[in-house]
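Just so it is clear, none of the values below were taken in a lab; they were calculated from the coordinates. Just so it is clear, the model here is predicted, and its values are computed rather than measured. Cβ atoms come from the backbone with ideal geometry, glycine included; neighbour counts cover every protein chain shown.
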Amino acid sequence: MNLEDLETHFRFGDNWQSYARTIAEGHIRHAVAGLRELLPDGCAGETFLDIGSGSGVHSLAASILGAKVTAIDIDPASVKATHSVLASHGFSGVVPKQVSVFDLNPVTFGQFDIVYSWGVLHHTGDMWRAVAKAADLVRPGGRIVLGLYDKTPFCGFWRLEKAWYSKAPKISQRRARAVYMALFRLKCVLAGRSFSKWIAGYDSHRGMDYYHDLHDWMGGYPYQSARPSEVQGFLRARGFRQTVFIPSGVRIGILGSGCSQYTFLFDAQAV
Ligand SMILES: C[S@@+](CC[C@H](N)C(=O)[O-])C[C@H]1O[C@@H](n2cnc3c(N)ncnc32)[C@H](O)[C@@H]1O
């Protein structure tokens, strides 16, 4: 997929620009904590490639932890959001680039201590080729961190919904979100949970925001998903050893899937 294929994509970047305007200290603290969970040995002084940087809040978290960050995204609005989030927190030296993961060549672009791609590669239209591309950018002894949607029995339905939503007028998108939220509230009631507490505490999810994440979920197209065993097998065959695994916890997926999170270490001799 090349930059021309951006037309078939959901407008991720517009959503991230809107979220970026709301980022507060609490979001950043949770983004840092989320990154620490996936990189328990830290990342200070390491080269860190953020593929599909979106709002830039995780590039910011990595910069705060002392990593030398390179950020890329296919969507120019995401690139702008990342740039302004980094610059407004004192990291104006990190200049994100508009480029597709499919156009990154380790010979010319280099290899990194850490390749981070959270919630991205399943939105590229060719997930396994994208995972292979990202893995090629990890230096021997380096780490790859991924967030990828789990496969559920409802993924086929959600793919169709996203194909529709990503091209639907704003008013139809708003109605679709209202229906979704009504169903989600019902689920909370049945489970004896408080919907408003869920929303209020949502920034504990890597510093994210419920309403922006909902728009991203409803519209995130292209859409693919994977079983953790498929991801683990795919990377094991390329010489990677899993060091962290945080399952999404989603099983049936009527109201959507969730991302399982992975960190793998690249042991080039194991290939
Ligand atoms: C769901 S957002 C995730 C953003 C961020 N990583 C996070 O965790 O919040 C997916 C991002 O991937 C970007 N993206 C999609 N396809 C891409 C590609 N082929 N190359 C680079 N970025 C891509 C989108 O533009 C979007 O900003």
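A protection proxy built from the mean count of other Cβ atoms within 10 Å ranks the segments 114-126, 41-53, most packed first, as 114-126, 41-53.
About its Cα centre, what dipole magnitude does the stretch 128-271 give when the only charges are +1 on Lys and Arg Cβ and -1 on Asp and Glu Cβ, stated in debye to the nearest 20?
Once rounded to the nearest 20, the dipole reads 260 debye.
Among beta bridges identified by DSSP and lying wholly in the chain, the antiparallel ones come to about 45 percent.
Pairs of Lys residues in the chain, spaced 8 or more positions apart or belonging to different chains, with C-alpha separations under 29 angstrom: 27 in total. The peptide list 95-108, 60-73, 200-213, 255-268, put in order of mean Cβ contacts within 10 Å with the highest first, becomes 60-73, 255-268, 200-213, 95-108.
When the charge dipole of the stretch 88-224 is built from unit charges on Cβ atoms (+1 for Lys and Arg, -1 for Asp and Glu) and taken about the Cα centre, the candidate among G110, F184, F91 whose Cα reaches farthest toward its positive end is F184. Placing +1 on each Lys and Arg Cβ and -1 on each Asp and Glu Cβ, with no other charges, gives the chain a dipole about its Cα centre of roughly 840 debye. Scanning residues 5 or more positions from E46 or on other chains, those with amide H under 5 Å from its amide H are K68, with H placed 1.01 Å from N in the peptide plane.
Between Q242 and V107, what's the calculated FRET efficiency when r is the beta-carbon distance and R0 is 35 Å? Round to 0.05.
For R0 = 35 Å, the calculated efficiency reads 0.80.
Think of the stretch 200-271 as a dipole: +1 on every Lys or Arg Cβ, -1 on every Asp or Glu Cβ, centred on the Cα centre; then among F245, G219, M208, F245 lies furthest on the positive end. Amide hydrogen proximity for G142: with H placed 1.01 Å from N in the peptide plane, the residues at 5 or more positions away or on another chain lying under 5 Å are F266. For every helix of n ≥ 4 consecutive DSSP H residues, a contribution of -39,500 (n - 2.57) applies; sum these over the chain, divide by its total residues, and give [θ] at 222 nm rounded to the nearest 500 deg cm²/dmol. Value at 222 nm, helices only: -13000 deg cm²/dmol.
Sorted by average packing, counted as other Cβ atoms within 10 angstrom per residue and highest first, what order do 235-246, 129-140 take?
129-140, 235-246
Put simply, the amide H of Q261, placed in the peptide plane, has neighbours under 5 Å in I246, S248, leaving out anything fewer than 5 places away on its chain.
Cα centroid distance between the stretch 28-52 and the stretch 89-154, in Å? Here the answer is 14 Å between Cα centres.
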